[in-house]
Amino acid sequence: MKLSKNIATAILATALFALAGCVSTPTTEGTGAYVEDSVITGKIKAVILNEPMLKSREINVETFKGVVQLSGFVSSEAEAQKAVEVARGIKGVMSVKNDMRLK
């Protein structure tokens, strides 16, 4: 009986240490936040590819803790503004940083 208590304690301690590795810090994301940011990035990329005005594969999208960064090249300021508008329209986006450049 004593041995099974020790085994249960060891399993519980291991599980707690494993979960502690999923905690986010100011410079890294936890697992849940990473998945949520990946979903946001995917949605923005899909809308950009389906937007007739933005048929550009030169727009890069990255998301960190709900903050979207758009970078790459666009043909006009109107395209850049449309990409920012698209990103802001996605649920979960906190803010959008526009680092796109004109070709």
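The numbers here are math on the coordinates, done by the rules we state, and not lab data. All figures in this text were calculated on a predicted structure; none of them were measured in a lab. So basically every Cβ, Gly included, is an ideal-geometry build from the backbone, and we count neighbours across all protein chains shown.
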Give me, ordered by chain and number, the residues 5 or more places off Lys97 or on other chains with an amide H under 5 Å from its own placed amide H. Val68, Gln69, Leu70
Stretchable slack from Asn98 to Met53, in nm (0.36 nm times residue separation minus alpha-carbon distance): 14.5 nm
Net charge, Lys91 excluded, C-beta distance under 13 Å - Lys, Arg +1, Asp, Glu -1: 0
Label points 7 Å out from Cα along the Cβ direction at Val67 and Val39: separation in nm? 2.2 nm
